[in-house]
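**Student:** Dumping the structure here so I can ask a few things about it.
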Amino acid sequence: MNYFELKITKKQAGHTIYEFLEKCHLGKKRRYLLRDKLLVNHQPVNQNYLLQEGDLLQIEIADFEGIDFIPSANTPEVLYEDPFILVINKNPNIIIYPEYKTEAGTLVNDVANYYKQKGINRTIRHIHRLDRDTSGVILFAKDMITQAYLSFLLEQNKIIRKYIGYVKSSKIPNEGEVDLPISGDRHINGKMITNPRGQYALTKYKTISRGEYFSIVEFKLETGRTHQIRVHMAAINSPLLGDTLYGQGSQLISRPALHSAFISFMHPYFDEEVKVYSQLPKDMAEIINESQLAKVNNLY
């Protein structure tokens, strides 16, 4: 059988199973559907069971889980994994998921292959997205309960995401923030613009190093709008190096120089913080010197 399994900690004890699932921000409909699929210490119980420290909570999720994308022949680079969470290092120039589940060639197809190899019969559930050209950390939940919790953390801005980018400017301030709403460009499909009537967007940044042709900048996302960093940097005349949509191309790199370097959050079930770092990919690492690379690596 396919179970969500959790050893109850002192912090989780004293709550009913219904309250536990509610604290995980699982929707009322899903909680109702799980009402007859609950076991504690291998014995059936109902949602009013009061959890005790050391209890083994099992929730049968076979009806809701199963690999739902075509497995590829590729194995993704795993940065962190436990029974509930998977963090993958995304290469540049790959999209997260296909338009239709009958298609392949995307990151979730690679994750499907990994699940298949490991005997994990679970739905592929990504928590956030990255642009095709952006590399780095991306977070997955291994079940619908964990997905609900992590999605809530993301909505509440309690998942910290930091990026490293190269901007075509040597005069960008040492640190600052860009607070400009963003919306789609009505004239160019797939392009975003700053627009007073757009969605609220806030990007904080800190300059790590300056060079003759570009500066290395750390970004912290306070919101998650499409192309947010790219749009905000272009708006302050510091477009990302190699960004042909919001700036211009570069002989140094063939894509926007942006990497999702770090993510952190409190674990849904363990009283500990998860911190995951992804090193700069080759195309970004090879166009900076050793001193600059050390500065980036020492950030996390």
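Bear in mind that the values in this text are calculations on the coordinates, not laboratory data. Please read these numbers as outputs of a predicted model, since none were measured by experiment. Cβ placement follows ideal geometry from the backbone for every residue including glycine, while neighbour counts extend to all protein chains displayed.
**Student:** Filter the cross-link list Lys23/Lys275; Lys220/Lys275; Lys29/Lys101; Lys162/Lys295; Lys90/Lys162 down to pairs whose alpha-carbon distance in this structure exceeds 18 Å.
**Tutor:** Violating the 18 Å limit, Cα to Cα: Lys23/Lys275; Lys29/Lys101.
**Student:** Which order results if Ser183, Ser135 are arranged by neighbouring Cβ count within 10 Å, fewest first?
**Tutor:** With the fewest neighbours first, Ser183, Ser135 line up as Ser183, Ser135.
**Student:** Then there is this: Kindly rank 159-165, 111-117, 36-42 from highest to lowest mean number of other beta carbons found within 10 Å of each residue.
**Tutor:** 159-165, 111-117, 36-42
**Student:** Could you compute the net charge surrounding Gly242? Neighbours are other residues with a C-beta less than 12 Å from the C-beta of Gly242; K and R count +1, D and E count -1.
**Tutor:** Surrounding charge for Gly242 is 0.
**Student:** Still on this structure, please answer the following. Is the shape of region 177-300 rounded, prolate or oblate, going by the alpha carbon gyration tensor and its root eigenvalues a ≥ b ≥ c, with a/c under 1.5 for rounded and a/b larger than b/c for prolate?
**Tutor:** It is oblate, given that a/c is not under 1.5 and a/b is not larger than b/c.
**Student:** Then there is this: Which net charge results when you count Lys and Arg as +1 and Asp and Glu as -1 among the other residues whose beta-carbon is under 10 Å from that of Lys10?
**Tutor:** With Lys, Arg at +1 and Asp, Glu at -1, the net is -1.
**Student:** Out of His25, His259, His187, any idea which swings most in a Gaussian network model of the chain, alpha carbons joined below 10 Å?
**Tutor:** His187
**Student:** Please report the equivalent ellipsoid semi-axes of region 123-210, computed as sqrt(5 x eigenvalue) of the Cα gyration tensor, largest first, in whole Å.
**Tutor:** Square roots of five times the eigenvalues give 27, 19, 14 Å.
**Student:** Then there's this: Once you wrap a convex hull around the alpha carbon atoms of region 222-290, what is its projected area averaged over all directions, in nm²?
**Tutor:** Spelled out: convex hull of the Cα atoms, projected over all directions, averaged, 6.6 nm².
**Student:** Now, a different point. Assuming a viscosity of 0.890 mPa s and a temperature of 25 °C, what translational diffusion coefficient in µm² per second does Stokes-Einstein assign to region 65-156, Rh being the Kirkwood radius over Cα pairs?
**Tutor:** For the chosen part, D equals 187 µm²/s.
**Student:** For the pair Gln251 and Lys275, how long in nm is the line joining their label points, each one 7 Å along Cα→Cβ?
**Tutor:** The answer from the label model is 4.0 nm.
**Student:** Over the Cα atoms, compute the radius of gyration (one decimal) and Dmax (the largest Cα-Cα distance, rounded to a whole number) for the chain, in Å.
**Tutor:** That works out to 21.4, 67 Å for Rg and Dmax.
**Student:** Still on this model: For region 3-60, what Kirkwood radius comes out of the mean inverse Cα-Cα distance, in Å?
**Tutor:** 11.1 Å
**Student:** Right, another one. Explain nothing, just the number: relative contact order of the chain, from Cα pairs under 8 Å at least 6 residues apart, as a whole percent.
**Tutor:** Reported relative contact order: 15 percent.
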